[in-house]
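Accompanying notes for the structure given below.
Please treat every number below as a calculation from the coordinates, not as lab data. Just so you know, these numbers come straight off a predicted model, no measurement behind them. Cβ sites come from the backbone with ideal geometry, for glycine too, and all protein chains shown count toward neighbours.
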Amino acid sequence: MRILVTGGVRSGKSRHAEGLLGEDADVTYVAPGRRADGSDPDWDARVALHRSRRPAGWSTVETGAVEEALRGARGPVLVDCLGTWLTAILDEGGLWEAATAEIEAVVAVRLEALCAALVEAPRVVLVTNEVGFGVVPEHRSGRLFRDLLGTVNQRVAAVCDEVHLVVAGRVLKL
């Protein structure tokens, strides 16, 4: 079973995703975002909150190579989140100012690898952000991220068995 959990910021999507695997003892939690490093207290607090909710038996893998983590996991996997995974790809490649075609090509390769690994994964829950409900971002980087994440979400949803939309802590199965 592969489930994509999407929703807005602070909608409750991570808590819902954790609850979907809460009974499992051997979960691999894949955190593809930036590590807490003291440079951003707000980010560090978010990371600490997520860490504090994880059961003691869960193992954490902090990596942008989500496809490798999926293939290396022995049991269920929770990936939180695809928005930070995408940000890491753009950061690592220095792509924020690159030509759109170049960015899309790099993301497409990584996305294809992720989807191939997902198809092989027996039990995985992925968290992502739904960023297309708001206003059109003023800056190119915001529009770029919104558009790319929309594509990522569509492709990942296509290989998942279920998609859950979380709004104000309520879950809608799509």
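Table for the structure above
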item: Rounded to whole Hz, the Karplus (6.51, -1.76, 1.60) HN-Hα couplings of segment 166-171, x for glycine and proline; result: 10, 10, 6, x, 9, 10
item: Interchain or long-range residues, amide H under 5 Å from Val30's placed H; result: Val61, Leu78, Val79, Asp80
item: Around Arg74: net Lys/Arg minus Asp/Glu count, Cβ-Cβ under 15 Å; result: -2
item: The chain: C-alpha pair distances exceeding 20 Å, %; result: 51
item: Which of Lys173, Lys13 has the fewest Cβ neighbours within 10 Å, and the rest in rising order; result: Lys173, Lys13
item: FRET efficiency, 1/(1 + (r/R0)^6) with R0 41 Å, evaluated for Ser52 and Val136 via beta carbons; result: 0.70
item: Charge dipole magnitude, Cβ of K and R +1, D and E -1 - the chain, Cα centre, debye nearest 20; result: 560
item: Simple Cβ-charge dipole of segment 100-174, Lys/Arg +1 and Asp/Glu -1, about Cα centre, in debye nearest 20; result: 220
item: Segment 1-77 - charge dipole about Cα centre, Lys and Arg +1 at Cβ, Asp and Glu -1, debye rounded to 20; result: 200
item: ³J(HN,Hα), Karplus 6.51/-1.76/1.60, whole Hz, each residue of segment 115-124, x for Gly, Pro; result: 5, 4, 5, 5, 4, 7, 6, x, 8, 8
